[in-house]
1. Given the residues B:Glu143, B:Glu115, which is the only one that is on the phi < 0 side of the Ramachandran plot and open to solvent by 50 Å² or more (accessible area, probe 1.4 Å)?
2. Right, B:His174: more than 22 Å from B:Ala79 (Cα to Cα) and at pLDDT 95 or above or not?
3. Can you tell me which residues in the stretch B:90-113 are among the charged types (D, E, K, R) and facing chain A (nearest Cβ under 9 Å)?
4. Could you check how many residues of the stretch A:61-89 are in contact with a Phe, Trp or Tyr (Cβ under 7 Å, 6 or more places away or on another chain) and more than 7 Å from chain B (Cβ to nearest Cβ)?
5. Somewhere in the stretch B:115-122, is a residue at the interface with another protein chain (Cβ under 9 Å from one of its Cβ atoms), assigned to a helix (DSSP H, G or I) and out of contact with any Phe, Trp or Tyr (no Cβ under 9 Å at 6 or more places or on another chain)?
6. Working only within the stretch B:10-46, note down all residues that are in contact (Cβ under 8 Å) with a residue 24 or more places away in the chain and basic (Lys, Arg).
7. Give the stretch B:123-136 a look and list any residue that's within 7 Å of chain A (Cβ to nearest Cβ) and among the charged types (D, E, K, R), or say none.
8. For the stretch B:11-97, please list each of the strands (runs of 3 or more DSSP E) lying entirely inside it that holds at least 1 residues being of a type in the set (A, V, I, L, M) and surrounded by 24 or more Cβ atoms within 10 Å (Cβ to Cβ).
Number of protein chains: 2
Amino acid sequence: MPTLYYYPGACSRASHIALREAGADFELQLVDFARAEQREDAFKSVNPKGRVPALRTERGILTETPAILTYVAQRYPEAQLAPMSDAYEFARLQSFNSYLCATVHVAHAHSRRGERWADDPAAIEAMKSKAPEVMAACFTLMEEDLVTGPWVLGDTYSTADPYLFTLTQWLPAHGIDSVRYPKIHAHHARMLERPAVQAALQAEASP
Amino acid sequence: MPTLYYYPGACSRASHIALREAGADFELQLVDFARAEQREDAFKSVNPKGRVPALRTERGILTETPAILTYVAQRYPEAQLAPMSDAYEFARLQSFNSYLCATVHVAHAHSRRGERWADDPAAIEAMKSKAPEVMAACFTLMEEDLVTGPWVLGDTYSTADPYLFTLTQWLPAHGIDSVRYPKIHAHHARMLERPAVQAALQAEASP
């Protein structure tokens, strides 16, 4: 049975929701960021990057959200979480998930993990103060150019949906109300109605 | 016939090499960063993100290197550029490409595109001065924990190889000699022997 290493509200939430959408039997393993457990040797032996999510499988440990999401989709094909038989549609999905991972998540990280990219406290502060503007630009681009609706890819629900949902939930930390992005705002509300999403939120609320 | 929008030496080189490895018929379209063509309206209508690579296909335009690489692998299956029938191996590939996209490329971008994440010139300078240290940490992690050898995934050549090759070529800009990473250094030399790599380098050298 796979084990998902997670922290409540972190980007691991996307993989968590996907596992529930897939109807997978899995275990959750909390990595306690509050005491920096992700930087301890014990967790580094699971994921040398010191990050969540990590998914322990019977063949080894997988990291990086886009990879775990596709693994879940492929491993539990009945759930139809990725249009893998259509190269173009699958590429649209991968493209969206890459953008979330490499641009949107990275924009967010500058508000709280600036020490990854600069040592000077003033520089870290400068990144923090620009982060809401960068996040807003990302969400504007997604709203106008990337999100089709009702789901990210259009009529087909996919792994892009829990991933977008997870990062949409980071907007309030930047003082941004998702109502500024009507399609994404409606998407977030639509996600909240799904039993898999409700179950994941509940499990993360009482670890 | 697909058209790849590229700039010589940019991360679009990975997709360029993959198309040649696949034996694809394709066209190259230079996006001239030297005159900031990527920020002009004409190119923004191709890719609103204002970045390369973008791949024009008969069904629409695809962006983001990990997505384009998988699209090429899936579209030209005879070339066997991705182990798509094995969910775990395919996830390893996706995980590596995600790391290159969201962590290594992002580390590099802080040396020259700091204005994405801060306005203060001193902050941009602080990012630039830390970039070589962050790049070195990324390559140490890949050398020690991610790259199997002789190819990224082991004995099987995949789309991870042109992507790693492309980013390895950015090390000198950070004053880093790839010889510090023996497996990756040997990988780079091995890549240079491949006809597809030689053809891509030659095409990018005389656009």
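The values are calculated or read from the model by the stated rules, or taken from the named source; none is laboratory data. From a predicted model like this one, the values you see are computed outputs, not experimental measurements. Glycine gets a Cβ as well: all are built from the backbone with ideal geometry, and neighbour counts include every protein chain shown. Note: areas computed on protein heavy atoms with side chains; ligands, DNA, RNA excluded. Shrake-Rupley method; radii C 1.70, N 1.55, O 1.52, S 1.80 Å.
1. Values: B:Glu143 fails: open to solvent by 50 Å² or more (accessible area, probe 1.4 Å).
That would be B:Glu115, the only listed residue that is on the phi < 0 side of the Ramachandran plot and open to solvent by 50 Å² or more (accessible area, probe 1.4 Å).
2. Judged against the criteria, B:His174 is a match.
3. B:Arg92
4. 5
5. Checked the stretch B:115-122: at least one residue is at the interface with another protein chain (Cβ under 9 Å from one of its Cβ atoms), assigned to a helix (DSSP H, G or I) and out of contact with any Phe, Trp or Tyr (no Cβ under 9 Å at 6 or more places or on another chain).
6. B:Arg13, B:Arg20
7. Result: B:Lys130, single match.
8. Once the strands (runs of 3 or more DSSP E) in the stretch B:11-97 are filtered for at least 1 residues that are of a type in the set (A, V, I, L, M) and surrounded by 24 or more Cβ atoms within 10 Å (Cβ to Cβ), what remains is B:54-57, B:60-63.
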